[in-house]
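The values are calculated or read from the model by the stated rules, or taken from the named source; none is laboratory data. This is a predicted model, so every value here is computed, not measured. Neighbour counts are summed over all protein chains in view; Cβ atoms, including those assigned to glycine, are modelled from backbone coordinates with ideal geometry. Just the protein is used for accessible areas: all its heavy atoms, side chains included, with ligands, DNA and RNA removed. Shrake-Rupley method; radii C 1.70, N 1.55, O 1.52, S 1.80 Å.
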Amino acid sequence: MTKLLLSIHVLASILVVGPIAVAASMFPRYARQTAGEDRHSVSATVLLHRICSGYAIVGVAVPVFGIATGAQLGVLTDAWLLTSIVLTTIAAAILALAILPGQESMIESAADGTGTGDGADTKRAAARLAGLTGVFNLLWAVVVVLMIVRPGSTTGA
């Protein structure tokens with residue numbers, strides 16, 4: 001059972017968090033271009049936002065199967081796992097409370113024309129989103145390293 005839970009956890013991590021990380025990273029580039037009323041860029045931002053928001057819903061499976069795996073292995077109280085849970089929670093909060101709403105706001109601005117003009121507001125918002133996405137991706141990278149290294153592991157990894 002542990003191998004099945006771990007397999008689902010790892011597959012979900014790769015197939016769900018990966019696309020969110022890539023789409024969220026690409027979003028600011030296309031959002032900057034919406035200031036020039038590039039319709040292709042507006043369409044791209046809508047698609048990238050859909051990917052982020054859709055996969056975020058399915059992304060709940062990652063910590064659910066991770067905690068189930070940790071329970072099976074008896075490591076739920078290990079510091080490396082608790083740290084991973086905290087970092088995952090922070091990453092999820094950044095995604096849900098800052099990145100996704102920021103993307104929605106930029107899409108709405110492009111759609112109603114308030115994001116046009118000199119583009120300074122759009123570029124500032126895109127830069128902010130790029131920074132938040134960088135933090136989101138860095139948190140996931142740290143979690144992956146913790147999962148691989150597992151301080152105190154008896155497997156020698």
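Compute the distance from the alpha-carbon center of region 11-75 to that of region 84-99, in whole Å.
12
Would you please put 88-97, 1-10 in order of how densely packed they are, using the mean number of other Cβ atoms within 10 angstrom per residue and starting with the highest?
88-97, 1-10
Can you classify region 50-98 as rounded, prolate or oblate using the Cα gyration tensor, where a ≥ b ≥ c are the square roots of its eigenvalues, rounded means a/c under 1.5, and otherwise it's prolate if a/b beats b/c and oblate if not?
oblate
Counting only protein heavy atoms and a 1.4 Å probe, tell me what percentage of the chain's accessible area is made up of carbon and sulfur.
69
Between GLU104 and ARG39, what FRET efficiency comes out of the Förster formula 1/(1 + (r/R0)^6) with R0 = 22 Å and r the beta carbon distance, rounded to 0.05?
0.75
Here are a few candidate values for semi-axes √(5λ) of the Cα gyration tensor in Å: (1) 22, 19, 17; (2) 36, 14, 11; (3) 27, 19, 15. Which one was actually calculated from the structure I just gave you?
So the calculated entry is the one marked (2).
Place the peptides 45-55, 19-29 in order of packing, highest mean first, counting for every residue the other Cβ atoms within 10 Å and averaging per peptide.
19-29, 45-55
Using only the alpha-carbon atoms, how far is helix 61-73 inclined from the longest principal axis of the chain? Give it as 0 to 90 degrees, nearest 10.
10
Helix 100-112: angle to the longest alpha-carbon principal axis of the chain, degrees 0 to 90, nearest 10?
Tilt of helix 100-112: around 20 degrees.
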